Structures are given as C-alpha cells and as structure tokens.
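Following: one structure in structure tokens, then a few remarks.
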Amino acid sequence: MENYWQWALLLLPLAFLAGWLLSKRRSRRLRRQLRFSNDYFQGLNYLLNDEQDKALDVFIKLVEMDWDTVDTSLALAAIFRRKGEIDKSIKLHQSLLARPSLPAEYKSRVLLELGRDYQLAGWLDRAEGLFNDVLKDELYAQDALRHLIEVYQQEQEWQDAIKVAEQFQKQADSDFAAMVAQFYCELSEQRHQQGDNKEAESLATQALSKDESCVRASIILARLAMQAGKYKKALRFLKQVEVQNAGFLPVIINDLYLCYQHGSGVQDLIQYLQQLEQHYPEVNLCAPISELILQEQGESVALDYLTSSMLKKPDLKGIQKMLQLQGSKAVCEDNQLPEVIDQMLQSQPEYQCSKCGYSANTLFWLCPSCHSWASMKPR
Ligand SMILES: [Zn+2]
C-alpha cells in the first residue's frame, strides 16, 4: 500500500507534464492552422481584388508551410496559365519544385505542368527536357508523350515526332496512325524540297503504309510520279483519293487534268468527274466540270450542263459560271448580279476546318487554329 502511494506521487508530476506538453502541441497546431487559414483567405482576397502578384506570394509561402496546399497551388497556376499569365504560373511551379520536401507523388505532375508553361512561353527546348524527364513516370508518361509530340510539331522535328508518336501508339494503344502518316508526309515534302525525290517517294509510301486513307500521301506520290513523267502511275494514286476521302477531290482537279491530257484525253476526265459527281453528291465538282466542257465542247453545251446542274444543286460558283457564260449574250448592262456573286464568293474562303470552322484560301494540312491534321477541306 505504501509502495502504491509512492508510485502515485512519482507519476503525478509526469502525468501533469505530459498533459501540459500535449496541450502546448495542440495549441501550437491550432495556432498554425489559424495562421494558415488567415493567410489562405488573405490570398483569396488578393485574387478577388485582382492583386495577383500579392496572391501569388501568399500562396508560395503557404506551400512551404503545408504540403496539403499543393493541389490548390496547381489549380491556381492553371488559372494563371489560362489567363495568359504564364510568368506567374512558371513562378508557382518553380517554387513547388524548389522545395526539397515536395512529396514524390507530385514531382512528375509539377514537372509536366512546368513543361506546359515553357511550351506555351515558346521555350521549347526546356519543355522538351522536362517532358522527357516525366516519361520515366508511368503515371504521367502518356501526357508527357502527347506534349512532346506537340513540341516536335512546333519545332518541325518530324523524325523525332515520328519516333515519339510510335512509342505513344504502343503505350496508349490508341490509333495515331493518321498523325504519324502526316509526319511522314512532312518529311517527304522536306526531302522533295531538298531535291531528294527518291527519299521523298519512300517516305510518302511509308505514310500510306501507316494510314492507307492518307490523301496527302497519295497526292505527293502522284505529283512525284508526274515530275518523273509517269502519268499512268500518277493517275493510279490520284484515283485513290475518291476512296480515301472524296471531300478532297476538288484539290486534285489540276493533277487529274495533267494526267488525262497525257493519257486518254480530257473527254475521259469529264466523264470520270461526272461519274464522281453522281457518286458523291456532297462534293461540289460543278465549276471544274463546266470549265472542262466549255473547253472541249463549247459554250452552249457548258451552259446546258450548268443549267441542269444548278436546278438540281444550286451553288454560288455554278451561278457565277452561268452568268459568265451568259454574259456574252446578255443585253442588260446595268445588271449588278455578277458583281454581287463575285463579292459573296470572295468573302467565302475556299477551305474550311471541319473541326473548328477556321477558313482560308490556302489548304493547310495542319489547321493553324485547332492544330488538327487533315481537317481542312474544300468547302
Ligand atoms: Zn481547325
């Protein structure tokens, strides 16, 4: 009994000391949390008042205090980036990376985001380096590869783009064949410009082997064949376009013309185009057909063709042609209609992107607006 009291007296101060220490720790944590939430709200306040530099400083300080705010900081950086304030986004991401205690699970994510900042800022070499680092992390490898392809596209490093895209195809198990084919086409055109037609042909053939519906590769191969005087071979490639994507037929009219001129004659081309016109009513071939009929069979046949064609499927280009043909016979001099139609046609660019609606008078294989491949087509 005496022993019991002795132990009790001895443990009492220890219990007291433990209680005091615990309460001190708890109050320190509470104080820290209180300060944290005060700073947090102050940061938000700065943001709401559009004082973004101050907000940025507060959030950078918060990240140092509590790693739980990494997600908040990443979200904030994303907002800065979306608003075009890439310098702030970079600062935030760099400050996260500079902390030696950045939790490992965040490292690749922050690297990836910083890479995207650099990419947008036009520092492509830096972006490329970071994306390559992230490739080692399986969780973010696909995102990194996707951005790496974009960087190579921007740098026009087609060889690297092909290498990475093919790797991506394996990893993501997605169909990137059409994109890889475009890269081969780009390389092929580069070689052609350098005068190496043999290599250009081989690369365009590889493009077709990657994506048999690659119109651009067929056109490249046809033009290379024509350059070598092989019109029959060229025509074989041109006739693939109908099956690949009939919407591109208006793009190859001149090439077809040259092939038929050196082959069975323009009369056969008119027949072929009229067949296409029946098969693909959505493709507008009326204007070139009427032009060819005019050249081969004269004004009145061309006018007959146009009149019946316009009754079936009226369109501005056809009406313009009709008026041009009728013009020589027209007596009414103050007829403003031809001019009105000319103006309407001038305000309608020839090609339009089927993905984003961007339009231009030049055919871009890579849409300058939404960066989709082969999405621009004749209207
Ligand atoms: Zn587009």
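The values are calculated or read from the model by the stated rules, or taken from the named source; none is laboratory data. Here the structure is a predicted model, which is why all the values come from computation and not from measurement. Here the Cβ positions follow ideal geometry from the backbone for every residue, glycine too, while neighbour counts run over all protein chains shown. Areas reflect the complete protein model, heavy atoms only, side chains present, ligands, DNA and RNA absent. Shrake-Rupley method; radii C 1.70, N 1.55, O 1.52, S 1.80 Å.
Largest accessible area first, the residues Lys232, Lys355 order themselves as Lys232, Lys355 under a 1.4 Å probe with ligands, DNA and RNA left out. Figure note: Lys317, Lys163 ranked by solvent-accessible area, largest first, 1.4 Å probe, ligands and nucleic acids not counted: Lys163, Lys317. Given their separation in residues at 0.36 nm each and the Cα-Cα distance between them, Ser372 and Tyr280 gain 30.7 nm when the chain is fully extended.
Per residue, the stretch 259-379 exposes 59 Å² of accessible surface when a 1.4 Å probe is rolled over the protein heavy atoms with every protein chain present.
Surface calculation, 1.4 Å probe, protein heavy atoms: His371 sits at approximately 120 Å² accessible.
Extents of the stretch 175-252, taken as max minus min of Cα coordinates on every principal axis and listed largest first, are 30, 26, 18 Å. Residue order by solvent-accessible surface for Cys367, Cys356 is Cys356, Cys367, largest first, with ligands and nucleic acids left out and a 1.4 Å probe. The order of the peptides 195-201, 222-228 by mean Cβ neighbours within 10 Å, most packed first, is 222-228, 195-201.
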